[in-house]
Amino acid sequence: MSRARKPDWLKIQPPSGREFADIKQTLRDRDLHTVCEEANCPNIGECWSGDAGDGGGTATFMLMGDRCSRGCNFCDVKTGGMEPLDPDEPENVADAVAEIGLDYVVLTSVDRDDLPDQGAGHFAETIRAIKERHPGILVESLVPDFQGEPDLVRKIIDAEPDVIAHNVETVERLQRPVRDPRAGYEQSLSVLEQVDRESDIHTKTSLMLGVGEYDHEVYRTLADLRERGVDVVTLGQYLQPSRSHLDVGSYVHPAKFETWRRVAEEELGFLYCASGPMVRSSYKAGELFVEALLREGESVEAARERARAAGD
């Protein structure tokens, strides 16, 4: 099967710049991983050098190692061979956040189905370490599904990040060819719904386009997400990491991404929707969240004061 040629709008600028180099060195010094690097995110240079609020750019720390217990057909993170958790990782991440100078930090992780609590406690401990070290910092947590176990999801809720994200990834029909068999559409929706039901924490998810979905399925998925109380959604183009991964079904034109943004924000009422060929789940997460708060009438200072109060 011949591979479709990438259109011009998918050209990627290689990462560069002093801030990019400094962040990379800080991560290496502390033996930390980012999903930006492990998943070969095309926006790594832009996000690491960008502006989130009045501080540094957005970097997404990947917790619990660089190997995942699941094997999704779209993902470039290595599978199997997981190592024991590093007990120093929560403090090391908190130290790195201080050194980089972030005001908004994104945490995610590999899946760790091999652990008794699937890593929920370690994830929550990292959130608390950052909040204790940096009162008022805004923390987004992009979490696994924890096999839909409410007690494990509640551990993340109780750590009180400002955003809890979990990616549904694709429309319901395509879950099985795209995601690991242990994942699932309703299971992912249940995680997001629980966060909305049990807290005031903003919820967020992400969809890949170009894996074979139809427009009516994308609309149905967006509607399902709003019905479950999801506040923020991002949409981006799926790009095949290697020939052994899922084929690209189509390249979606930027104009269609803009249409989906308008549908999500203006028709369905999402707080904001980042939508474009190169958008990924953590794309400019800090900038866009702060802008959305301002549109809602809440200042960045008020959001940080709320974060400080939650940590007291």
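Each value in this text was obtained by applying a stated rule to the coordinates, not by laboratory testing. Because the structure is a prediction, the values reported are computed rather than measured. Positions of Cβ are generated from backbone atoms using ideal geometry, with glycine treated the same way; all protein chains shown enter the neighbour counts.
What to note about this one:
- Once both labels are positioned 7 Å from their Cα atoms along Cα-to-Cβ, the gap between residue 265 and residue 245 label points is 2.8 nm.
- Computed from the Cβ-Cβ distance with R0 of 22 Å, the FRET efficiency linking residue 114 to residue 76 stands at 0.60.
- Cα gyration tensor shape for region 179-303, rounded if a/c is under 1.5, else prolate or oblate: prolate
- Annotation: amide H-H contacts under 5 Å for residue 103 (H modelled 1.01 Å from N, sequence separation of 5 or more, or interchain): 55, 56.
- The Cα-based radius of gyration of region 245-285, divided by its Kirkwood radius, gives an Rg/Rh of 1.03.
- Here the translational diffusion coefficient of region 101-249 follows from Stokes-Einstein with Rh set to the Kirkwood radius across Cα pairs; for 37 °C and 0.692 mPa s it amounts to 204 µm²/s.
- In this simple spin-label model, placing a label point 7 Å from the Cα along the Cα-to-Cβ direction at both residue 295 and residue 182 gives a separation of 3.7 nm.
- Rounded to the nearest 20 debye, the dipole magnitude of region 80-190 is 420 debye, with +1 charges on Lys and Arg beta carbons, -1 on Asp and Glu beta carbons, and the Cα centre as origin.
- Of the peptides 209-218, 74-83, 156-165, 242-251, the ranking by mean beta-carbon count within 10 Å, highest at the top, reads 156-165, 209-218, 74-83, 242-251.
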